[in-house]
Amino acid sequence: MPRSDTWRAIGWEAGCTAALVTPPVAISTATPALFPSASTGIDTRNFPRQSVLLVIACKITTNGTTITVTESATTNGTYTAATTSGTLTKISADGTQYVTVLKNPAKPFIRVTSTGDNAGMAGILSVVALGV
C-alpha cells in the first residue's frame, strides 16, 4: 500500500487529530535542540484522545543524534522523562522514528529534544504530533 493511502487510512478513517507540525529545523553540535521551541511545549490538553503519536523525521549529514521526550506541568517548567509506549533510539542516518506518549493530566506539556553526539553533528529535524 503506498504511503499516501496509509496516511489517508490512519488520518481520516481512524479519526486522528493533527495538532502540531514543526518546520524542518537545522540541528548541530552537542547543544540540545528543543521542539517545538526552547520556551514552549506541546500542550496535550488540546488533543481529544488519550495519547499523542510523535513522528520524528531526521536527515543526518554528520554523526548522529539522540532523541528524548519529556513532560512538564507548565510550558516553561521543569521537564522530566515522559511515559511512552515505544523506544527512541539514536539516529545515525536519515530516518523516521515513532513513539506514543501517554497523556499525563498533571504534566500536559511535552517536548522533544535532539542532542547531537558531538560538536561535529549536523542535520535537519521535524516533529509531527497526532492525537491517537
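Each reported figure results from applying straightforward, stated rules to the coordinates on display, with no laboratory input. Keep in mind that what you see is a predicted model, and the values were worked out from it rather than measured. Positions of Cβ are generated from backbone atoms using ideal geometry, with glycine treated the same way; all protein chains shown enter the neighbour counts.
Could you please rank ARG49, ARG111, placing first whichever residue has the fewest other Cβ atoms within 10 Å of its Cβ?
Final ranking by Cβ density, sparse to dense: ARG49, ARG111.
So if we plug the beta-carbon distance of THR75 and THR96 into 1/(1 + (r/R0)^6) with R0 = 25 Å, what FRET efficiency do we get, rounded to 0.05?
It comes out at approximately 0.45.
Going by how many other beta carbons lie within 10 Å of each one, how would you line up TYR79, TYR98, fewest first?
So the ranking, lowest neighbour count to highest, is TYR98, TYR79.
Show which lysines lie in cross-link reach of LYS59 when reach means a straight Cα distance below 27 angstrom and same-chain residues fewer than eight apart are skipped.
LYS90
At what distance in nm do the modelled label points of SER37 and THR83 sit from each other, each positioned 7 Å from its Cα along Cα→Cβ?
3.1
Would you compute, from DSSP H runs of 4+ residues alone, the mean residue ellipticity of the chain at 222 nm, taking -39500 (n - 2.57) per run and dividing by the full residue count, rounded to the nearest 500? It would help to have the intermediate numbers written out before the result.
Working: 1 runs with 6 residues, N = 132.
Only helices count here, giving -1000 deg cm²/dmol.
Starting from the 7 Å offset along Cα-to-Cβ, what nm value, one decimal, do you get for the label separation of VAL25 and LYS59?
Simple spin-label model gives 1.8 nm for this pair.
Determine the principal axes of the Cα atoms in the stretch 58-132, then give the extent along each, sorted from largest to smallest and rounded to whole angstroms.
38, 25, 17
Find the eigenvalues of the gyration tensor of the Cα atoms of the chain, then list the square roots of 5 times those eigenvalues as equivalent ellipsoid semi-axes, largest first, in whole angstrom. Write out the running numbers ahead of the final one.
Values: eigenvalues 111, 79, 25 Å².
For the chain, the ellipsoid semi-axes come out as 24, 20, 11 Å.
With an 8 Å cut-off on Cα pairs and a minimum separation of 6 or more residues, tell me the relative contact order of the chain in percent.
Numbers: 317 pairs, mean separation 57.1, N = 132.
It rounds to 43 percent for the chain.
Say the dipole of the stretch 17-131 comes from +1 at the beta carbon of Lys and Arg and -1 at that of Asp and Glu; which of SER114, THR78, THR68 then lies farthest toward its positive end?
In the stretch 17-131, that residue is THR78.
Could you give the length gained on full extension between ASN104 and THR66, defined as 0.36 nm per residue of separation minus the Cα-Cα distance, in nm?
Values: separation 38, 0.36 × 38 = 13.68 nm, distance 2.33 nm.
Result: 11.4 nm gained on full extension.
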